[in-house]
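Student: Provided herewith is a single structure, encoded as structure tokens, for subsequent inquiry.
The values are calculated or read from the model by the stated rules, or taken from the named source; none is laboratory data. Since this is a predicted model, take the numbers as computed values, not measurements. With ideal geometry, Cβ positions are generated from the backbone for all residues, glycine too; neighbour counts draw on all protein chains shown. Just so you know, the surface numbers come from the protein's heavy atoms only, side chains and all, with ligands and any DNA or RNA stripped out. Shrake-Rupley method; radii C 1.70, N 1.55, O 1.52, S 1.80 Å.
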Amino acid sequence: ELGFEYEIIAVVERSRDNTLKRAGDVASRRQGVQVIQNPDQRGKGYAVRTGVRRARGDLVFVMDADLSVPVDHIGFFIDRFKREPTVDVLIGSRQHPESLIERRQSSFLESLGKSFNVFVRLLGLSSHLDTQCGFKAFRRGAARAIFERQTVDGFACDVEVLLLADAMGFRVEDMPVRWINSPESRVRILVDSTDMLIDLFRLRRLVRRTLKENPYSKP
């Protein structure tokens, strides 16, 4: 038992495997688990946005379904939130000096990810060394404000979230993680990488327009 109330929201987009059935089987046996089926395959950003907007907890965790970052990290992140009440967003970072990489991605994927983050920093979109790690946590107020304004459907959504968080005045900090890479990746390397780069070049203008249309002042 975790010692506190929780909910698990699994967002499943249209796919050819049996993820939806497996998630539904778990939800039928356990309270606090709900499954949302997105009938279209629109991308990670759309799936995450769908789940976060449904979340009701004081802290909202976003994690990849492959659990490359083990779920026991939830406790570490909660402890950090308790120690530092001014922190609004915590992001897992494989580049953190205290992170432990137990099973690495292929050298090609690892190089691709690092190159992507170089582009992110060169474009001035984020100072964080690892924007794409699939383990992030938000205080409820920050989650609601950010994801009410988040619009990118693809993998560049992580960068958009951090860019919005900075522009809206939220405090974002990195956290070390234990990373055990899952070989069950669903990333389409050529298509998804191209889409991510295209989204990167329009993100600053997109966020500026978003906050002009839907301004935010941190309490």
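Student: Working out 0.36 nm times the residue gap between residue 122 and residue 107, then minus their Cα-Cα distance, what length gain in nm do you get to one decimal?
Tutor: Details: separation 15, 0.36 × 15 = 5.40 nm, distance 2.24 nm.
So the chain would gain 3.2 nm between residue 122 and residue 107.
Student: Also, quick follow-up: When ranked by the protection proxy of mean other Cβ atoms within 10 Å per residue, highest first, what sequence do the peptides 32-42, 59-69, 200-210 form?
Tutor: Numbers: 32-42: 13.1, 59-69: 19.0, 200-210: 15.7.
Descending mean neighbour count gives 59-69, 200-210, 32-42.
Student: Among all stretches of the chain without exposed GluC sites (Glu not before Pro) (DSSP loop, at most 13 other Cβ atoms within 10 Å), which one is longest? All intermediate terms of the calculation are to be shown ahead of the outcome.
Tutor: On the way: sites that count: 1, 5, 7, 98, 184.
After excluding every exposed loop site, the longest remaining stretch is 8-97.
Student: Given a 1.4 Å probe, how much area per residue of region 1-137 is accessible, in Å²? Display every interim value, and only then the final one.
Tutor: On the way: 8450 Å² over 137 residues.
Counting only protein heavy atoms, the per-residue value for region 1-137 is 62 Å².
Student: Can you return the aspartates and glutamates within cross-link range of residue 82? Criterion is Cα-Cα under 17 Å, with same-chain partners fewer than 8 residues away left out.
Tutor: Straight-line reach from residue 82, under 17 Å: 5, 58, 72, 173, 174.
Student: Considering only DSSP beta bridges with both partners in region 75-219, what is the antiparallel share in %, to the nearest 5? If you can, show how the numbers build up before the last one.
Tutor: Details: 3 of 11 bridges.
Bridges in region 75-219 are about 25 percent antiparallel.
Student: Additional query: Relative to the present Cα-Cα distance, how much length would full extension add between residue 65 and residue 25 at 0.36 nm per residue of separation?
Tutor: Numbers: separation 40, 0.36 × 40 = 14.40 nm, distance 1.55 nm.
Contour length minus Cα-Cα distance gives 12.8 nm.
Student: With a 1.4 Å probe and all protein chains left in place, how much of the accessible area of region 1-80 comes from carbon and sulfur atoms, in whole percent?
Tutor: On the way: 2580 of 5380 Å².
Of the solvent-accessible surface of region 1-80, carbon and sulfur hold 48 percent.
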